[in-house]
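What follows is calculated from the coordinates using simple rules that are stated; it is not laboratory data. Here the structure is a predicted model, which means the values were calculated and not measured. Here Cβ is always computed from backbone atoms with ideal geometry, including for glycine, and neighbour counts include all displayed protein chains.
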Amino acid sequence: MVQGGSSSNYSRASVLLSGIVNTPLQSSVATLLIFDPNNNFVQIAQANVANDGKFSITIEAGGPLFKLTGIYTVKVEYGGIKQSDLSFNCNAIDPISCSNTQSADDNNDNNDKS
């Protein structure tokens, strides 16, 4: 038997994740894989990509997997191709609070940073 705490036991914070992908495809989504400061997977999300390549989605940070304070990395994949990473900072002390940071992956030469 697996038991867990009620979701009401955890505070949550909304985090807006947005970016631009290269070579937008029609009617496609970007997959966002979210990792904690120790590089452990904590959440997955999908965002619709507009014709101009822009995407945005609001996720809820919190719960038992968002237990570390620090920078969370968001690995973005689109059309099977890795895009520039995003990141956000979370203070996991109850109540949780999060804020956006700059791109975590400035080494991806295949992406337009404008």
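Descriptive notes on the structure:
- Projected area averaged over orientations for the stretch 9-100, convex hull of C-alpha atoms, nm²: 5.5
- Extension gain, D94-T58: 0.36 nm per intervening residue step, less the Cα-Cα distance, totals 10.9 nm.
- Phi angles of the stretch 32-45 translate, via the Karplus equation with coefficients 6.51, -1.76, 1.60 and θ = phi - 60°, into HN-Hα couplings of 10, 9, 10, 10, 6, x, 9, 6, 8, 5, 10, 6, 10, 8 Hz per residue; Gly and Pro are given as x.
- If R0 is 35 Å, the Cβ-Cβ spacing of N22 and K67 corresponds to a FRET efficiency of close to 0.55.
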